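S.K.: Before anything else, here's the structure in question.
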Amino acid sequence: MSSYEQPLYDCQTPSLDSTEQSVVESIDQDRMWDSVEKFSSLTRISGTSGERKAAEYLTTVLSDHAVSHTVHEPELYLSTPISATVTATDRTECFKSAKTVAFSNNDSVSGEVIRLHADEEGDSVESLLDHSLNIDDVAVEDKVVVAESLIPITEIRALAARGAAAFIAIHPHDREPHEGIISPVWGGAPTFEEKDKIPEITVANISGDDGDKLDALIENNPSLSLTVSTTVDTRWVRCPLIEAEITPTKTATDEFVLLHGHYDSWHVGVTDNATGDAALLEAAIALSAHADQLTRAVRVCWWPGHSTGRYAGSTWYADTFAQDLHENCLAHVNVDSPGVTDAVEFTSRVKWMTAAAPVAIGTITDVTGKQTQTRRPSRAGDYSFNNLGIAGLSLQSSIESAVREKRGYHLVGGSGGHADAWHLTTDTLEKADPATLKRDTAVYTIATYRLASSTECPLDYRLTIAEHQQTLATLASGAAMLGLEKEHKKLTETYEQLSKSVTEIYERGDHSFENLHSLARVLTRVNYVTDGTFEQDPAVGRPPLPALASIEQPPRDEDQKRFLACGARRSYNEIIYELRSVLTQLSAT
C-alpha cells in the first residue's frame, strides 16, 4: 500500500497460469531488498571503485544461485563531472549549488550575461532535451547564456557553434540541479566522422533558488559578467559489464530475449537504478529456475556508462555483438527505476514499440490489474538497439500525475517521476519501497518469460503496420504540397499489400520469429531511425517515420521546399524498396 492510500494492485489475485505463478513466487522480496540496501551505500559512478564493488556483488549473487554469467571489460569513453563554480566576475556573488555536466569543457571562462527564456518543456523526456531557447536572432558570441532549462542538447550545440563562452541552466529543483550530460553522441565515443558533434562549451547548472538570486542580480546590473569554472574528467575507462545467460533446457535455439538495465548511477542512485539492478537479479534467478519452460534464451545485462557515457555500455554491447543481436534477438526489455515509493500507476512512464503492446499490456493487466496504454519510446534510456531493428519495451510504474502535481514535482526523466530523487544526491533508500519493487519485478519478469516461452512470435507486427499507415496518412497533405503524390501513393499501396500479406501469415499460424525476422527489423528501423543498421542515431527526438516526418509542414520558401522534396523523394524510394523486399521474402513463407 502506498503512503497515500492507493493500492499497488487493482485485482485480488494475478491472472497467471501455474508456471507464471511459480515464476512470481520465485521472486524473493527480502533478498531483493537486501540488494537495494547494499547498493544504497555505493556511489556507482562508472570507472570508480563503487561501481566495481557493485559488479562484484552482482556476480557473487549470480554465482550463489548457479546462474551462468560473463564479465566483459569494455573500454568506454566517459565524462565524469567533478565540480563547478559560478561567480560574479567582480566576486560580489557566488552560486553555491553549481554543478557541471558530462562532456562540458574543462575550463574557466568569463563573459557578459545574456538571459534567455526557454519554450515550455512539454510533457516528455524528449521535450527536456529538444526544447528551444529562441537563440536565432541573439548575438551570443563570447557571452554567458543563462536560461531556465534542464539540458537542451540541440540548443547547447547551437550555442557552441555560435561561439558562446558558457551556458548556465537554471533548474526547476529549488535546492539542487539534476546531474546530466550534454553530448548528443549516442554511446559516448563518437566515430571519427562524429567527433565534432560533441559541443565545445563550458556548461554549469544551478538550482532554482540560485536562479532567482541570479535573476535579481541581472535585473540590477544588465551588463553583469559571470565567471564559470568547471572540472570534468573525460577519458577512456575500463568498466565491468555483466552478462548472465539462461539457456532453455529442453529446446535448442539461437533466439533470445535481452533483459537489461544500468547499474552505474549518479550518487547512490537508489531508484535510478539500484532497484532495477535488484529486479534484474531476481528475474535472472527466477527465470533460471524455470529454464525448462523456455523456448528462447534470456540474456540479462547490467550496463556501465549509462550516466556519464550516454548509454556507453549498452552501445558497446550493440556494437560488439551486432550480428548476433540482429539475427537472433526477438526483443529487449529495459528495466529502469522500478519500485519507487508511491508509484502505483502504469500510464505515464511506460513505453514500448507497438508490436510489443499485447505482451506489455497483457502482462501489466494480468499481474497488477492496472490499466495502461501504449506510449512511444523516446530516444533515451538504453534503447541502443533501435538501429538494429529490435523491438523494445519498458514497463515503468510511476507516481500518479495528480500526486506529482500536488507535491510540486517538475518533469524529470526517471525515478517514477519523483523530482526529488532523479539524478540527485537525495535519491536515497526512503524513495523506494519493497512491496512496490516486488510488484514491478513480477511485471518485468513475466513479460520476459512470455517473450521467451512462446512457440510463435509473441510480437504483433500487424499493429505496427497499422501504426505506420496512420502516420503516413498525416503526411499526405505535405506530400502533395511538395509534388510527391505519386511517391506517397506508391508507399501507401505498399503498406496495404504488406498488411494483407502479414495478416494472412498470422491467421495461418505461421508467425514464427524466423518467418517475421526481416519484417520486424525493417518496420522498427523505418519507424525509429534514419542512420544505418550498424550505426547509432543521435540522442535527439525521432518522430514516427522519421525520414519523412519533416514533410508534414513544408517551408514556404520555394528553394527550401524543393530541397526538402529532393530528400523526401529519396526517403520514399528507400522505404518502398525496403518494404517490397520484405514482401518478396514473405511471399516465400
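S.K.: Kindly evaluate Thr60 against the criterion of being in the same structural domain as Thr347 (by TED's automatic domain parsing) and part of a strand (DSSP E or B).
M.R.: no
S.K.: Then there is this: Across the stretch 379-434, which residue is farthest from Ala274 (Cα to Cα) among those that are touching a Phe, Trp or Tyr at 6+ places or on another chain (Cβ under 8 Å) and among the β-branched types (Val, Ile, Thr)?
M.R.: Filtering the stretch 379-434 for residues that are touching a Phe, Trp or Tyr at 6+ places or on another chain (Cβ under 8 Å) and among the β-branched types (Val, Ile, Thr), the one farthest from Ala274 (Cα to Cα) comes out as Val403.
S.K.: Looking at Phe563 and the list (1) loosely packed, with under 13 Cβ neighbours inside 10 Å; (2) in contact with a helix residue (DSSP H, G or I) (Cβ under 9 Å, 6 or more places away or on another chain), which single condition is not satisfied?
M.R.: Exception for Phe563: condition (2).
S.K.: Restricting to the stretch 112-136, count the residues that are at pLDDT 75 or above and either in a loop (DSSP other than H, G, I, E, B) or over 22 Å from Asp209 (Cα atoms) (or both).
M.R.: 8
S.K.: What do you reckon, is Arg31 within 25 Å of His173 (Cα to Cα), basic (Lys, Arg) and at pLDDT 95 or above?
M.R.: no
S.K.: Restricting to the stretch 193-227, name every residue that is outside any helix (DSSP H, G or I) and surrounded by fewer than 13 Cβ atoms within 10 Å (Cβ to Cβ).
M.R.: Selection gives Pro222, Ser223.
S.K.: Under the condition of being at pLDDT 95 or above and of a type in the set (Gly, Ala, Ser), which residue from the stretch 338-368 is surrounded by the most Cβ atoms within 10 Å (Cβ to Cβ)?
M.R.: Looking at residues that are at pLDDT 95 or above and of a type in the set (Gly, Ala, Ser), I get Ala343.
S.K.: Report, by residue number, each residue of the stretch 367-387 that is in contact with a helix residue (DSSP H, G or I) (Cβ under 7 Å, 6 or more places away or on another chain) and within 14 Å of Asp10 (Cα to Cα).
M.R.: Val367, Thr368, Lys370, Thr372
S.K.: Any residue at all in the stretch 63-76 that's within 27 Å of Pro184 (Cβ to Cβ), at pLDDT 95 or above, touching a helix residue (DSSP H, G or I) at 6+ places or on another chain (Cβ under 7 Å) and part of a loop (DSSP other than H, G, I, E, B)?
M.R.: Yes, because at least one residue in the stretch 63-76 is within 27 Å of Pro184 (Cβ to Cβ), at pLDDT 95 or above, touching a helix residue (DSSP H, G or I) at 6+ places or on another chain (Cβ under 7 Å) and part of a loop (DSSP other than H, G, I, E, B).
Per-residue answers, yes or no, for (1) under 19 Å from Ser265 (Cβ atoms); (2) among the β-branched types (Val, Ile, Thr); (3) under 26 Å from the mean Cα position of the chain (by Cα):
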| site | (1), (2), (3) |
| --- | --- |
| Leu16 | no, no, no |
| Glu37 | yes, no, yes |
| Thr43 | yes, yes, yes |
| Lys53 | yes, no, yes |
| Val61 | yes, yes, no |
| Ala66 | no, no, no |
| Glu73 | no, no, yes |
| Leu76 | yes, no, yes |
| Arg91 | no, no, no |
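S.K.: Mind listing whichever residues of the stretch 404-453 are among the hydroxyl-bearing types (Ser, Thr, Tyr), assigned to a loop (DSSP other than H, G, I, E, B) and touching an Asp or Glu at 6+ places or on another chain (Cβ under 8 Å)? Steps first, answer last, please.
M.R.: At the first step, the residues of the stretch 404-453 found to be among the hydroxyl-bearing types (Ser, Thr, Tyr) are 409, 415, 425-426, 428, 436, 441, 444-445, 448-449, 453.
When the remaining residues are screened for being assigned to a loop (DSSP other than H, G, I, E, B), the result is 409, 425-426, 428.
Within the stretch 404-453, Tyr409, Thr425, Thr426 qualify.
The values are calculated or read from the model by the stated rules, or taken from the named source; none is laboratory data. Nothing here was measured: the structure is a model prediction, and the numbers come from that model. Heads up, the Cβs are rebuilt from the backbone with ideal geometry, glycines too, and the neighbour counts pull from every protein chain shown.
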